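Report on the following structure.
The values are calculated or read from the model by the stated rules, or taken from the named source; none is laboratory data. Just so we're clear, the structure is a prediction, and the values are computed from it rather than from any experiment. Positions of Cβ are backbone-derived with ideal geometry, glycine not excepted, and every protein chain shown enters the neighbour counts. What goes into the accessible areas is simple: the full protein's heavy atoms, side chains included, and nothing from ligands, DNA or RNA. Shrake-Rupley method; radii C 1.70, N 1.55, O 1.52, S 1.80 Å.
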Amino acid sequence: MGFAGMTNLWTLVFPLTVIIYYLFRKRFEPKMISSTLFWNEDRREENVSPFIRNLQRNALFYLQLLALLVFVWMMLEPFTKHSGTEGIPLVFIVDSSATMLATPKDSTLFEMNQAEMEKLLESAEGRPISVVITGKEPEFAIQNSDSHAAIQVIEDLTVRYEQNHMETSIELVKSMYSEHGAEVHIFTDSLERTALSYDGTNMSWHVHTNDEKLNNHSIVRFGANRLEDSVTAIVKLHHDTEKAQPGTIRLKEADTRNVLAEKSFDGEPGSEELVSFKKIETNAPALLVELDGNDDYLADNTSYALLATERAKVVVDAELHELLKKAAQAIEEVTIDSGEDFEEGDILRITGSESFLDQGNRPIFLVGRNDVKPIEAKGEVSVTNDPLFSIAAPKDMYVEEVYPSYEDYEVLARIGKDPLIQRSPRGDIIFLADLEATDWPLQPTFPLFVWSVMKSLSDDAETLGIFTPLQRKSVVMTEAADIYELSGSYLYSAESANTLQAPAIPGIYKVTEGTTDKLFAVQLDASERILRIGDSYSTGNLTATDRDTEQIIPVIWPFLVPLLLLLLVEWEVQRRRGYPY
């Protein structure tokens, strides 16, 4: 037995105070009186033993002293120790991203991982089991449970299509198990050893990956525009194969699945292809494109696009570069004009005047600036992983001068350390250089970039845009809306009027807000369109699967009831006999 509150020894002052009080209390001297009133009582007390007589006369003192000693004992926080052994926690980090649907054999990677986890649980009897599901906000499917319950949970797991954000899940497990140790198994397609750089020695990591090369035809990008009575669409493909594997691309209506057009692709190993569809007649609010080929990963063989029902007229400033005008005219019909005679809300403006950044509520495409002087540009062009560059990104571009950037604007591309392309909070795209000071208009990526900008700035206001699986975004709605499949099947309700979380499965969905329906698309993240392979490995110094434990059990509560009983008896003695003299 031990004591956790030795600092409370000072409470011994209380019983010592009571003892001193009784030693120095006022005593009365017995005197002879001429009466026989108390003779009988005095004779009876003389027959009683001295110990009993002392106890009778000082009962209240002994009760108070015993109560205080019990109180001091409790203040010292006594405890007992019990030694034993327990199993080291077994933790599974399960990658539930879309790439787990790849099929290296007859089963998907996800199904193969489920079977491997169940096999590990066969020898984990008596150990606490936890299962972590990856994602931007990782969560425990089960925590510190037995193996039988864990097997049921693992069998019920499904792919969530969301990007795995593996580093977040690893940090979560480290924070919870690094102190006492754990055996951690990570099930994914590929994971670098640097992701497990860890100074502790009481955890072991076992990474289970896919080491088999897979064939994958991927739809990297799909966009569609409505031009008057017809639709134009562009599909960008990537072929991660070992040999040429031709296939077919089909353009369909998202709601009826009617095939609108069909084209073939070559499928050369490691190549990228652009497939375009022009003058497609359809009134569908959204389109989908399907890839049909010899593929080991089907999740990225479908992509979706929303079609705007009303198109803003494109107005290009007459003073801008001629090749910019030609690129815009090749995409759709445009007006070469200053745009002063148009309502700002009715046009998509491509201009070189920064004054239009404060006008209207529709974002613009600003090329250059006319309010500041440019500075010399140094370094190479680098871009972020933004959808604006998914079709074509500026590469090997020469830039002579660049304008100062706007503060608090998002930087999409840089030339050296200086911002080159920015996006404002309203959505304006700003190219911080004069096209005459670059060779970009001469490169084939330039008109494709202009197409991406015009597409991003002219999306239909009656849509909520593009989401990734389970992504949560702030949206403008008057009330919490209901989410439906495009076929009309109810899914769930939004969390609040200004927040919407997308479903997990890619597709076209609609939000019903009162009597208004708004469409939105769920697309795979760009990282989920690339299959990775890696080696399985183990790291860490944890060797045993059980450990010695020492449990501390406090013994305070068993003394609480006796203390209360002593107080009750003390009060009763005082009530009957009064204070001792």
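If I ask for residues that are basic (Lys, Arg) and either open to solvent by 40 Å² or more (accessible area, probe 1.4 Å) or part of a loop (DSSP other than H, G, I, E, B) (or both), which ones from the stretch 153-181 would you list?
Arg160
If a residue must be open to solvent by less than 30 Å² (accessible area, probe 1.4 Å) and either among the hydrophobic types (A, V, I, L, M, F, W, C) or in contact with a Lys or Arg (Cβ under 7 Å, 6 or more places away or on another chain) (or both), how many such residues does the stretch 130-146 contain?
Residues in the stretch 130-146 being open to solvent by less than 30 Å² (accessible area, probe 1.4 Å) and either among the hydrophobic types (A, V, I, L, M, F, W, C) or in contact with a Lys or Arg (Cβ under 7 Å, 6 or more places away or on another chain) (or both): 5 in total.
Go through (1) buried (at least 21 other Cβ atoms within 10 Å of the Cβ); (2) under 22 Å from Ile466 (Cα atoms) for Val315 and report which single condition fails.
Failing condition for Val315: (2).
Here is a list: Leu251, Leu260, Leu287. Which entry is open to solvent by 40 Å² or more (accessible area, probe 1.4 Å), among the aliphatic types (A, V, I, L, M) and assigned to a strand (DSSP E or B)?
Values: Leu251 fails: open to solvent by 40 Å² or more (accessible area, probe 1.4 Å); Leu287 fails: open to solvent by 40 Å² or more (accessible area, probe 1.4 Å).
The match here is Leu260.
If I filter the stretch 410-463 down to residues being among the charged types (D, E, K, R) and under 16 Å from Glu380 (Cα atoms), which single residue comes out as surrounded by the fewest Cβ atoms within 10 Å (Cβ to Cβ)?
Once the filter is applied, the top-ranked residue is Lys417.
Mind checking which residues of the stretch 84-111 are buried (at least 20 other Cβ atoms within 10 Å of the Cβ) and part of a helix (DSSP H, G or I)?
Across the stretch 84-111, the qualifying residues are Ala98, Thr99, Met100, Leu109, Phe110.
Consider the stretch 529-543. How many of its residues are open to solvent by 50 Å² or more (accessible area, probe 1.4 Å), among the hydrophobic types (A, V, I, L, M, F, W, C) and more than 26 Å from the chain's Cα centre (by Cα)?
0
Return yes when Gln114 is assigned to a loop (DSSP other than H, G, I, E, B) and in contact (Cβ under 8 Å) with a residue 24 or more places away in the chain and no when it is not.
no
Does Glu171 count as more than 30 Å from the chain's Cα centre (by Cα) and closer than 25 Å to Asp525 by Cα?
Against the criterion (more than 30 Å from the chain's Cα centre (by Cα) and closer than 25 Å to Asp525 by Cα), Glu171 does not qualify.
Can you confirm whether Val367 is within 33 Å of the chain's Cα centre (by Cα) and at pLDDT 90 or above?
Numbers: within 33 Å of the chain's Cα centre (by Cα): no; at pLDDT 90 or above: yes.
Taking the combined requirement at face value, the residue does not satisfy it.
Of the residues in the stretch 374-409, how many are in a loop (DSSP other than H, G, I, E, B), open to solvent by 40 Å² or more (accessible area, probe 1.4 Å) and over 27 Å from Val235 (Cα atoms)? Spell out the reasoning first.
The first filter runs over the stretch 374-409 and keeps only residues in a loop (DSSP other than H, G, I, E, B), leaving 374, 377-380, 384-386, 390-398, 400, 403-409.
In the following step, the residues that additionally are open to solvent by 40 Å² or more (accessible area, probe 1.4 Å) were identified as 374, 378-380, 384-385, 395-396, 398, 400, 404-405, 407-409.
Filter once more, keeping what is over 27 Å from Val235 (Cα atoms): 374, 378-380, 398, 400, 404-405, 407-409.
The qualifying residues number 11.
Please verify whether the stretch 420-429 includes one or more residues that are in contact with a strand residue (DSSP E or B) (Cβ under 8 Å, 6 or more places away or on another chain), more than 14 Å from Val367 (Cα to Cα) and hydrophobic (A, V, I, L, M, F, W, C).
Within the stretch 420-429 (the criterion being in contact with a strand residue (DSSP E or B) (Cβ under 8 Å, 6 or more places away or on another chain), more than 14 Å from Val367 (Cα to Cα) and hydrophobic (A, V, I, L, M, F, W, C)), the answer is no, since none of the residues qualifies.
If you check every pair at least six apart or on different chains, which have Cβ atoms under 6 Å apart with a residue in the stretch 389-400 that is at pLDDT 85 or above first and a residue that is among the basic types (Lys, Arg) second?
none
Looking at Ala261, Ala244, which one is touching a residue at least 12 places away in the same chain (Cβ under 8 Å), farther than 17 Å from Pro285 by Cα and over 34 Å from the mean Cα position of the chain (by Cα)? Please lay out each step first, then the result.
On the way: Ala261 fails: farther than 17 Å from Pro285 by Cα.
Exactly one of Ala261, Ala244 is touching a residue at least 12 places away in the same chain (Cβ under 8 Å), farther than 17 Å from Pro285 by Cα and over 34 Å from the mean Cα position of the chain (by Cα), namely Ala244.
Where the second residue is part of a loop (DSSP other than H, G, I, E, B) and modelled with pLDDT under 65 and the first is closer than 14 Å to Val314 by Cβ and lies in the stretch 338-356, which pairs have Cβ atoms under 8 Å and are six or more apart or on separate chains?
Ile347/Gly339; Arg349/Gly339; Thr351/Gly339
What is the residue count in the stretch 319-332 for residues that are open to solvent by 50 Å² or more (accessible area, probe 1.4 Å) and either under 18 Å from Ser353 (Cα atoms) or over 43 Å from the mean Cα position of the chain (by Cα) (or both)? Break it down into steps so the answer makes sense when it comes.
In the first step, residues of the stretch 319-332 are kept if they are open to solvent by 50 Å² or more (accessible area, probe 1.4 Å); the result is 319, 322-323, 326, 329-330.
Then drop every residue that is not either under 18 Å from Ser353 (Cα atoms) or over 43 Å from the mean Cα position of the chain (by Cα) (or both), which leaves 319, 322-323, 326.
Residues flagged as open to solvent by 50 Å² or more (accessible area, probe 1.4 Å) and either under 18 Å from Ser353 (Cα atoms) or over 43 Å from the mean Cα position of the chain (by Cα) (or both) within the stretch 319-332 amount to 4.
When you scan the stretch 284-307, do you find a residue that is in contact with a strand residue (DSSP E or B) (Cβ under 6 Å, 6 or more places away or on another chain) and free of Cβ contacts under 8 Å to residues at least 40 places away in the same chain, even just one?
yes
For the stretch 308-315, state whether one or more residues are more than 28 Å from Gln523 (Cβ to Cβ), β-branched (Val, Ile, Thr), in contact with a helix residue (DSSP H, G or I) (Cβ under 6 Å, 6 or more places away or on another chain) and at pLDDT 80 or above.
Scanning the stretch 308-315, I find no residue that is more than 28 Å from Gln523 (Cβ to Cβ), β-branched (Val, Ile, Thr), in contact with a helix residue (DSSP H, G or I) (Cβ under 6 Å, 6 or more places away or on another chain) and at pLDDT 80 or above, so the answer is no.
Could you check the stretch 464-504 and list, in sequence order, the residues that are among the hydrophobic types (A, V, I, L, M, F, W, C), farther than 18 Å from Thr516 by Cα and at pLDDT 90 or above?
The first filter runs over the stretch 464-504 and keeps only residues among the hydrophobic types (A, V, I, L, M, F, W, C), leaving 464, 466-467, 470, 475-477, 480-481, 483, 486, 491, 494, 497, 500, 502, 504.
Add one more test, that the residue is farther than 18 Å from Thr516 by Cα, and what stays is 466-467, 470, 502, 504.
Result: Phe467, Leu470, Ala502, Ala504.
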